[in-house]
Number of protein chains: 2
Amino acid sequence: MRDAYHEELDSISDGLVEMARLVGSAMGRATTALLDADLELAESVIAADAKINDLHHDLENRAIDLLARQQPVATDLRIVVTSLRMSADLERCGDLARHVAKVARLRYPATAVPGDLHPIVLEMGQLAQRLVAKAGLVISTKNVDKALELEQDDDAIDALHRELFSHLLDDRWQHGIETAVDVTLVGRYYERFADHAVSVAKRVVFLVTGEHAAEFVAAQEASQAQ
Amino acid sequence: MRDAYHEELDSISDGLVEMARLVGSAMGRATTALLDADLELAESVIAADAKINDLHHDLENRAIDLLARQQPVATDLRIVVTSLRMSADLERCGDLARHVAKVARLRYPATAVPGDLHPIVLEMGQLAQRLVAKAGLVISTKNVDKALELEQDDDAIDALHRELFSHLLDDRWQHGIETAVDVTLVGRYYERFADHAVSVAKRVVFLVTGEHAAEFVAAQEASQAQ
């Protein structure tokens with residue numbers, strides 16, 4: 001009975017890894033669609049979000065079914081509840097990739113992002129994709145050190161986000177209001193996507209160590225300082 | 001034993017109602033702070049978010065504790081899992097109120113929102129506050145009809161949001177880029193706040209009827225058409 005239980009738990013974990021893969025791919029393709037003004041690619045990202053939502057609902061149902069049938073306690077209970085949250089985080093990442101694709105579609109055949117901002121937005125998109133890929137790896141390996149790296153990666157996204165704002169607010173900005181609005185929203189979508197990826201990794205830290213990520217780091221630093 | 005259990009469940013529900021009250025109040029005060037450029041009020045909203053987060057974590061711990069000790073199944077299990085999600089929605093509403101307050105603080109002593117947009121932003125803020133108040137009522141009364149009203153209220157927020165954008169994108173916009181960025185973000189915060197309030201109400205519909213809100217409405221319409 002318990003073996004079947006752990007098999008189901010593993011299959012939920014596999015589902016989360018698959019979701020991470022799908023939303024990472026979606027954000028990568030959304031970024032390309034945005035920078036290349038590729039309508040077809042944008043449409044495909046928008047359409048593919050339904051599959052991510054389905055996977056999310058399927059995982060939720062399986063996790064709740066597992067709670068009802070197996071009534072896990074302690075660590076096992078924590079794993080199932082945390083899976084529900086990770087699934088919600090990843091589902092939201094999918095929405096944010098779709099939002100980026102929708103900006104691309106809205107401005108087609110023009111590109112929403114001016115050429116001088118392409119390098120920043122490209123890097124934000126690549127980092128966001130790497131963050132969620134790493135989050136997927138963290139889910140499957142439960143590697144706490146790797147999980148803690150995501151906060152630093154997120155700092156890099158935040159720095160790029162600030163750089164984007166410094167362009168927006170520069171007196172020499174010459175792309176008008178509509179583009180400023182698009183760039184503001186797109187910047188926010190990448191930032192939120194990265195936040196959710198970090199949140200997934202933090203939940204794994206909590207699962208493995210029983211401590212919230214910040215507490216875990218503080219405790220480690222305290223023991224190293226002794 | 002079961003009585004103690006239902007008391008705990010009621011107390012979790014009370015906690016959610018209290019969270020809805022707190023985030024509604026926070027968004028109301030954040031809107032005032034934003035439109036009046038009231039730094040003190042903005043600071044108080046920012047500081048008070050910690051209390052909302054504490055309440056969220058307390059509710060989460062109590063819900064997980066309840067799962068472990070009482071091992072509910074069927075409807076009871078669904079109530080506890082749904083409570084976890086509603087708590088997460090409301091915690092996020094608190095974050096969004098804090099974000100609005102932070103925009104107020106950032107631009108102090110100036111007002112971030114130009115005078116001609118005050119009526120729209122005021123109405124968005126008031127509607128957002130009413131939506132979450134209604135969500136709180138729905139949590140305590142489990143009133144499905146009231147819950148379904150929230151989608152219409154949300155349509156009103158979306159309409160105001162579009163109106164805000166039409167001002168932003170009007171050729172006569174004369175408030176510069178920084179203000180456009182602020183207004184874009186603030187508009188997004190209200191919209192997301194309202195989305196989470198609607199999400200809370202939809203979860204109650206699912207709890208009560210066992211159907212997702214859209215399915216429930218479709219089934220009702222089908223039975224009325226017969």
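Spin-label model, residue A:156/residue B:217: points 7 Å from Cα along the beta carbon direction are separated by 4.3 nm. Placing a label point 7 Å from Cα along the Cα-to-Cβ direction at residue A:74 gives distances to the equivalent points in the other copies of 3.0 nm, listed shortest first. Relative to one another, the C-alpha centroids of the range A:73-95 and the range A:1-58 are positioned 15 Å apart. Packing-based ranking of A:12-19, A:60-67, A:85-92, B:152-159 yields A:85-92, A:12-19, A:60-67, B:152-159, ordered from highest to lowest mean Cβ neighbour count within 10 Å. By the compact-protein rule of thumb, 2.2 N^0.38 Å, the alpha-carbon radius of gyration of the range B:118-216 corresponds to a ratio of 1.25. Ordered from longest to shortest, the equivalent ellipsoid semi-axes for the range B:48-106 are 30, 11, 4 Å, each the square root of 5 times a Cα gyration tensor eigenvalue. Take every Cα pair under 8 Å whose residues are at least 6 apart in sequence, average their separation, divide by the length of chain A, and the relative contact order is 27 percent. To the nearest whole percent, what portion of all C-alpha pairs in the range B:1-93 is separated by more than 15 angstrom? Everything past 15 Å amounts to 61 percent.
Full extension of the chain segment joining residue B:172 with residue B:140 gains 6.8 nm, where the gain is 0.36 nm per residue of separation less the Cα-Cα distance. Think of the range B:91-145 as a dipole: +1 on every Lys or Arg Cβ, -1 on every Asp or Glu Cβ, centred on the Cα centre; then among B:120, B:97, B:131, B:97 lies furthest on the positive end. The alpha-carbon atoms of the range B:2-225, seen along their principal axes, cover 62, 47, 20 angstrom, with the largest extent given first.
Relative contact order for the range A:156-226: what percent, with Cα pairs under 8 Å and sequence separation of 6 or more? Each step should come with its number before you reach the end.
On the way: 21 pairs, mean separation 16.5, N = 71.
That works out to 23 percent.
In summary, the lysines within cross-link reach of residue B:142, defined as a Cα separation below 27 angstrom excluding same-chain residues under 8 places away, comprise B:51, B:134, B:202.
Spacing of the modelled spin labels on residue A:40 and residue B:163, each 7 Å from Cα toward Cβ, amounts to 4.2 nm. Measuring spread by the Cα atoms of the range B:1-54 yields a radius of gyration and Dmax of 15.6, 53 Å. Dimensions of the range A:22-151 along the principal axes, based on C-alpha atoms and rounded to the nearest Å, stand at 54, 31, 14, largest first.
Across the range A:85-142, Cα-Cα distances exceeding 14 Å account for 67% of all pairs. Comparing B:44, B:83, B:199 in a Gaussian network model of chain B (Cα springs below 10 Å), the most mobile by mean-square fluctuation is B:44. Shape analysis of the range A:172-212 yields a ratio of the Cα radius of gyration to the Kirkwood radius, Rg/Rh, of 1.37.
Once the mean 1/r over all distinct Cα pairs of the protein assembly as shown is inverted, what Kirkwood radius in angstroms do you read off?
Working: mean 1/r = 0.0433 Å⁻¹.
Evaluated over the protein assembly as shown, this radius sits at 23.1 Å.
Other chains' Cβ within 10 Å of B:173-182 residues: what's the mean?
On the way: counts 3, 0, 1, 5, 14, 5, 2, 7, 10, 1.
The mean count of partner-chain Cβ atoms within 10 Å per residue comes to 5.
Inter-copy label distances at residue B:21, using a point 7 Å along Cα-to-Cβ, come to 4.9 nm with the shortest given first.
Need the full-extension length gain, residue B:149 to residue B:122, defined as separation in residues times 0.36 nm minus the C-alpha distance. One decimal, nm.
Once the chain is fully extended between residue B:149 and residue B:122, it gains 7.6 nm.
Starting from the label point of residue B:145 at 7 Å along Cα→Cβ, the same points in the other copies fall at 6.2 nm, in ascending order. Peptide B:161-172 has a mean shielding of 1, counted as Cβ atoms of other protein chains within 10 Å of each residue's Cβ.
Using a Gaussian network model of chain B with C-alpha springs under 10 Å, which one of B:134, B:51, B:202 is most mobile by mean-square fluctuation? Checking each option, the largest mean-square fluctuation is seen for B:51.
Read-outs: derived from the displayed coordinates by stated rules, not from any lab. If you're wondering where the values come from, they're calculated on a predicted model, not measured in any experiment. Heads up, the Cβs are rebuilt from the backbone with ideal geometry, glycines too, and the neighbour counts pull from every protein chain shown.
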